[in-house]
Amino acid sequence: MGEKITGVILAGGLGRRMGGIDKGRGRPLIAWVVERLGPQVDELLINANQNIGRYAAFGHRVIPDQIPDFAGPLAGLHAALSAATHPLVATAPCDSPFLPGDLISRLFLALTANAADLAVARTFDQPHPVFCLCRRAVLPHLSEFLAGGGRKFESWYATLNVVEVPFDDEADAFENINTREELGRLETQRED
């Protein structure tokens, strides 16, 4: 790939659906995401608003939201765009441990081929905007959207030049873990 990419793992939420935990068998879900996303990017950041020391133990810079009150994934992207040292920024959530090994290369090809501002992963008819690659140049646009009270990823990116990239061949890779039950099911499947 020609341009360098900063990757950011979005871990800035409150973890309410998981009862405040983010561990499976004593291993944080984010550890799996670090292993999968890290090799695909030139710099890796972790966006987190609590448990900073635990996230820092992974050896990557931890950046909190600049937008207050746990404003969601767009606040994490905003923090990443503000802190990134490279012209492209990729995001992935901390609760999707099986993200594709070619996620960034496929998003990059589509972004550059379409001269897009943002490339978003899609499986069948479902876009997954938290799996994206965007240009740092969208930061002022995002700042304005957030300052106006906008919080929905889809509403923001609808105003940009966006390309959705099909990952129908890897639809299971975009599953995320939101409950203890899903975590238990995932652990069982991995053991089989």
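The values are calculated or read from the model by the stated rules, or taken from the named source; none is laboratory data. As the structure is a computational prediction, the values presented were derived from the model and not from experiment. Cβ atoms come from the backbone with ideal geometry, glycine included; neighbour counts cover every protein chain shown.
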Among residues of region 87-129, those that are in contact with a helix residue (DSSP H, G or I) (Cβ under 9 Å, 6 or more places away or on another chain) and under 20 Å from VAL33 (Cα atoms), counted: 26
Which listed residue, of LEU45, LEU37, is under 13 Å from the mean Cα position of the chain (by Cα), at pLDDT 95 or above and assigned to a helix (DSSP H, G or I): LEU37
Region 157-170, subset under 16 Å from the mean Cα position of the chain (by Cα) and either modelled with pLDDT under 95 or acidic (Asp, Glu) (or both), residue surrounded by the fewest Cβ atoms within 10 Å (Cβ to Cβ): GLU164
Within region 130-162, tally of residues that are in contact with a helix residue (DSSP H, G or I) (Cβ under 7 Å, 6 or more places away or on another chain) and over 26 Å from SER105 (Cα atoms): 5
Residue count for region 6-34, restricted to those that are of a type outside the set (Val, Ile, Thr), buried (at least 21 other Cβ atoms within 10 Å of the Cβ) and at pLDDT 90 or above: 3
